[in-house]
Amino acid sequence: MKILLFGVMTVCAWAQIESPQIGIMLDVNGRARPVSGAPAAAVAGAPWFDGAVISLACSAQGCVAKTDSALFTPAGVVVDAPPGAALIALDPFSTGAAYVYFVQSGRLARWTGSELLPMDFVPGGDVLSLRAVAGGFEYAVERDGEVWIGGKSLGAANSVLLLDGGGALLANDGQVRLLRSDGTELDFAITGVGGFLRMSNQYVQVITDAGMWALDVESGHEQMFLLPGVSH
Amino acid sequence: MLDAQVVLYSLNGIAPSLLGSVYGYGQVAAGDSMIVRFRALNTGATPVTITCLSIKNTTGVGFSIVNSSSTPFVVAAGQPMDFFVGFSATAITSYAATLQVGTGTSTDACGGTIESAILLATVVPAPILSVAAPCIGPDANRNISFGRILQGTQEACTLSILNPFPQALTVSPLLVTGAAFTTISGNAVTIAAGQSTSFTIQFSPATGSAFSGTLTVGTRTYTLLGTGFSPPLSSLVWNFDSTKIGSGEQHTLSLQLSAPATVSAAGTMTLTFIPSVKTVTGDAAVRFVATSTRIASFAVNIGATVITLNAQPNIVFSTGTTAGTITFTVDSGIYGLSGSPSTSVTTSPVPIVLASSAATSRANVLDVVISGFDNTYSIGGMSFAFVDRSGAPIASIPADFSTDFQTFFKGQTGSSFLMRASFPVTGDVSQVGGVTVVLNNAAGVVTTPSLKFP
């Protein structure tokens, strides 16, 4: 049995080689650009389109982006959407789907991949981040100066991103805290964080006053890199 | 009537002065030329045609019209016609001429009504000025150059005035102007026949910039030119965040001066990269990351040692994924720099650097996915050691994907790769429990962790 199995393997092995993709970043002009290469030697590609994206989330299943007035995917699906920024939680349990919270209007919708379906939602605070979980979603709100997920306080933070699998990123006081679902924590010294953006399953874009950073959130790989800027 | 419509002016620069019956050129040094601009202004409401524009030298021959529109020339109402009358002569005497402007017939252009003026000039002996080193000149434009000297220092040049005439010559005025130029000579000097006299002019630039002044020697005026420059910036102190710099890394560079800057200075710092791999010409990822360029601005304030790069205290650069030499070079422009303006760091060839590796299986296919980079661009030879679910070896399969990688690298600007090696199998795929991959390149061997198939 073994002889037959590996005789075939030896003869027919082949390799496909491509450039490694880090994810999609937003540059300082709001253009969504693919980033490829080694993390510390990454190169940003051409923008998706010549327009500004104000909200974006990407994973291995794809991306969902929002301009001021529309929600769209790189595949070309475009639907009208309430104005302003949105919090987008891609649903790993349903390929192409996402939960989308429109910050300005306070409305929540389910993105099916082709349309937005309104959902009833009474968050009880300013919604900061969403995360899809099996059968639904979780969200973080600011209440009394602290970040809350349900009944659990994460303390004060300027920016929050809920990660798939139960972790979270919080920015406060010149550092980014990576909280794991097992209770462990890793801290990264970085000032001026203005927000997080999910670039891919593995990387989160950390937007700061001084530059754009990529944080590898994969367990055992946690590291930050400066993302390539836009040459003028 | 011409005299009703045309009024003559002389111009000193652009300011016109009504021309009287006599205009004096004053003293002109022998052999020098002096040119005066005149204007015939049509003050009437109708056009007038000027047919006559002439100089009649009445005493000596020295005056001539050197530039004008050709006649007949129609001057519109309210408009001027400008022309230039030059004077030059060598004989030491007085000269006179009559300037005529008129409207005559085609057979008698200067007949009829004429506006005219008498022009006078006196040629005087001209001393000969010479300049000793380190100054240069005077050139054809009467420029005397003091060259470039360090700001705050002084340079003295000796000038000589020769009287080539057989009688004593008084040179007056003898004047120096200009903030950076001084002399202790008197305002006039008398030079015996055939003799010369010397004096010094001192150039003292207070700042690092260009200076000019004038030297008047009798009827002649010379331009004094000199440039002060700032002392060069002190030597650079290059500070990298690590002494070990390799491929696939980002590092921070900060710059300092070894001594406080004596002037606020600015310039650029450029990055260049020369691969040590002969098959590639560059690596686009080797650059300053925040701007994705290979050039940055630098600036330092007077009295400071800290240099800002792109207005920041430091700058992050990527080493790319190609072995080679990265060189940083500062161009301080006019400020100059003591010591070397460059420094280099070298990224050595290393075994393949793995970023991730995983094993997956599909129906009748085992996949091994590996990402990383090879800064030698020589990846290809590998071996895959498969084990069963109990960890017992099944087989070690060599493979050579060199051709695939070389083809892939031709379209890339770095050596990053994501490889999916696939092994079709017959039989029960689930028997295969794991695989360990050994990858070779020109710098060595690297082995993945033991990868488990799901």
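Restricting to the range B:191-225, name every residue that is assigned to a loop (DSSP other than H, G, I, E, B) and more than 30 Å from B:VAL263 (Cβ to Cβ).
Going through the range B:191-225, the residues assigned to a loop (DSSP other than H, G, I, E, B) turn out to be B:192-195, B:204-209, B:218-219.
B:ALA192, B:ALA193, B:GLY194, B:GLN195, B:GLY218, B:THR219, listed by residue number.
What do you reckon, is A:GLY165 surrounded by fewer than 21 Cβ atoms within 10 Å (Cβ to Cβ), in contact with a Ser or Thr (Cβ under 7 Å, 6 or more places away or on another chain) and not acidic (Asp, Glu)? Step through it out loud before you land on a result.
Details: surrounded by fewer than 21 Cβ atoms within 10 Å (Cβ to Cβ): yes; in contact with a Ser or Thr (Cβ under 7 Å, 6 or more places away or on another chain): yes; not acidic (Asp, Glu): yes.
Yes, satisfied.
Is at least one residue of the range B:434-450 touching a Ser or Thr at 6+ places or on another chain (Cβ under 9 Å) and either charged (D, E, K, R) or at the interface with chain A (Cβ under 10 Å from one of its Cβ atoms) (or both)?
Checked against the condition, which is being touching a Ser or Thr at 6+ places or on another chain (Cβ under 9 Å) and either charged (D, E, K, R) or at the interface with chain A (Cβ under 10 Å from one of its Cβ atoms) (or both), the range B:434-450 yields no hits at all.
Can you tell me how many residues in the range B:247-282 are of a type outside the set (A, V, I, L, M) and within 15 Å of B:ALA323 (Cα to Cα)? If you could, list the steps in order and put the result at the bottom.
Going through the range B:247-282, the residues of a type outside the set (A, V, I, L, M) turn out to be B:247-252, B:254, B:256, B:258, B:260, B:262, B:264, B:267-268, B:270, B:272-273, B:275-276, B:278-279, B:281-282.
From what is left, the residues that are within 15 Å of B:ALA323 (Cα to Cα) are B:247-250, B:272-273, B:275-276, B:278-279, B:281-282.
Looking only at that region, the number is 12.
Conditions first: (1) of a type outside the set (D, E, K, R); (2) touching a Ser or Thr at 6+ places or on another chain (Cβ under 7 Å); (3) closer than 16 Å to B:LEU233 by Cβ; (4) modelled with pLDDT under 95. B:SER292 passes all but one, so which condition is the exception?
Of everything listed in (1) of a type outside the set (D, E, K, R); (2) touching a Ser or Thr at 6+ places or on another chain (Cβ under 7 Å); (3) closer than 16 Å to B:LEU233 by Cβ; (4) modelled with pLDDT under 95, B:SER292 misses just condition (3).
Please find, among B:ILE144, B:ILE136, the residue that is under 30 Å from B:GLY336 (Cβ atoms), free of Cβ contacts under 8 Å to residues at least 40 places away in the same chain and in contact with a Phe, Trp or Tyr (Cβ under 9 Å, 6 or more places away or on another chain). Walk me through how you get there before you give the answer.
Details: B:ILE144 fails: free of Cβ contacts under 8 Å to residues at least 40 places away in the same chain.
The conditions single out B:ILE136.
Please go through the range B:369-393 and give me each residue that is farther than 30 Å from B:GLY324 by Cβ and of a type in the set (Val, Ile, Thr), ordered by number. Step through it out loud before you land on a result.
In the first step, residues of the range B:369-393 are kept if they are farther than 30 Å from B:GLY324 by Cβ; the result is B:384-393.
Once the filter is applied, which keeps residues that are farther than 30 Å from B:GLY324 by Cβ and of a type in the set (Val, Ile, Thr), the range B:369-393 yields only B:VAL387.
Output the number of residues of the range B:219-249 satisfying the condition of being within 23 Å of B:SER338 (Cβ to Cβ), more than 26 Å from the chain's Cα centre (by Cα) and polar (S, T, N, Q).
1
Restricting to the range B:397-410, count the residues that are within 9 Å of chain A (Cβ to nearest Cβ) and either over 20 Å from B:SER356 (Cα atoms) or assigned to a strand (DSSP E or B) (or both).
4
Condition first: hydroxyl-bearing (Ser, Thr, Tyr), more than 10 Å from chain B (Cβ to nearest Cβ) and more than 23 Å from A:PHE93 (Cα to Cα). Now tell me which residues in the range A:183-232 satisfy that. Lay out the reasoning, then the answer.
Initially, the range A:183-232 is screened for residues hydroxyl-bearing (Ser, Thr, Tyr), giving A:184, A:191, A:200, A:203, A:208, A:219, A:231.
Within this subset, residues satisfying the condition of being more than 10 Å from chain B (Cβ to nearest Cβ) are A:184, A:191, A:200, A:203, A:208, A:219.
Of everything in the range A:183-232, those that are hydroxyl-bearing (Ser, Thr, Tyr), more than 10 Å from chain B (Cβ to nearest Cβ) and more than 23 Å from A:PHE93 (Cα to Cα) turn out to be A:THR184, A:THR191, A:THR208.
Counting only residues that are exposed (fewer than 14 other Cβ atoms within 10 Å of the Cβ) and within 13 Å of another protein chain (Cβ to nearest Cβ), which one in the range B:234-249 is farthest from B:ALA261 (Cα to Cα)?
B:SER242
From B:VAL316, B:VAL300, B:VAL306, which residue is within 14 Å of another protein chain (Cβ to nearest Cβ) and either within 24 Å of B:PHE229 (Cα to Cα) or in contact (Cβ under 8 Å) with a residue 24 or more places away in the chain (or both)?
Just a single option satisfies the conditions, and that option is B:VAL316.
Of the conditions (1) assigned to a strand (DSSP E or B); (2) touching a residue at least 40 places away in the same chain (Cβ under 8 Å), A:LEU154 satisfies every one except a single condition; which number is it?
Result: A:LEU154 fails condition (2) only.
Scan the range B:411-433 for residues that are more than 7 Å from chain A (Cβ to nearest Cβ), in a strand (DSSP E or B) and surrounded by 21 or more Cβ atoms within 10 Å (Cβ to Cβ) and jot them down.
Scanning the range B:411-433 gives a single hit, B:VAL432.
If the Cβ limit is 8 Å and pairs must be 6+ apart or interchain, which residue in the range B:278-297 that is within 8 Å of another protein chain (Cβ to nearest Cβ) and under 13 Å from A:ALA44 (Cα atoms) pairs with which residue that is in a loop (DSSP other than H, G, I, E, B) and of a type in the set (A, V, I, L, M)?
If the second residue must be in a loop (DSSP other than H, G, I, E, B) and of a type in the set (A, V, I, L, M), the pairs left are B:ALA285/A:ALA38; B:ALA285/A:ALA42; B:VAL289/A:LEU227; B:ALA290/A:ALA210; B:THR291/A:VAL230; B:SER292/A:VAL230.
Conditions first: (1) under 30 Å from B:GLY137 (Cβ atoms); (2) part of a loop (DSSP other than H, G, I, E, B). B:GLY228 passes all but one, so which condition is the exception?
Among (1) under 30 Å from B:GLY137 (Cβ atoms); (2) part of a loop (DSSP other than H, G, I, E, B), the lone unmet condition for B:GLY228 is (2).
Hey, A:GLY229 hits all of (1) farther than 21 Å from A:LYS66 by Cα; (2) part of a strand (DSSP E or B); (3) not polar (S, T, N, Q) but one; which does it fall short on?
Here A:GLY229 meets the rest and fails (2).
If we scan the range A:66-84, do we find a residue that is more than 14 Å from chain B (Cβ to nearest Cβ) and closer than 27 Å to A:LYS152 by Cβ?
no
Looking at B:ILE379, B:ILE394 in this structure, which one is touching a helix residue (DSSP H, G or I) at 6+ places or on another chain (Cβ under 9 Å) and either more than 9 Å from chain A (Cβ to nearest Cβ) or within 30 Å of A:GLY45 (Cβ to Cβ) (or both)?
Working: B:ILE394 fails: either more than 9 Å from chain A (Cβ to nearest Cβ) or within 30 Å of A:GLY45 (Cβ to Cβ) (or both).
Answer to the selection: B:ILE379.
Give me a count of the residues in the range B:352-376 that are over 25 Å from B:GLY320 (Cβ atoms) and within 11 Å of another protein chain (Cβ to nearest Cβ).
Adding up the residues that qualify gives 5.
The values are calculated or read from the model by the stated rules, or taken from the named source; none is laboratory data. Quantities reported herein were computed from a predicted structural model and do not represent experimental measurements. Counting neighbours? That spans all protein chains shown, and the Cβs are built from the backbone with ideal geometry, glycine included.
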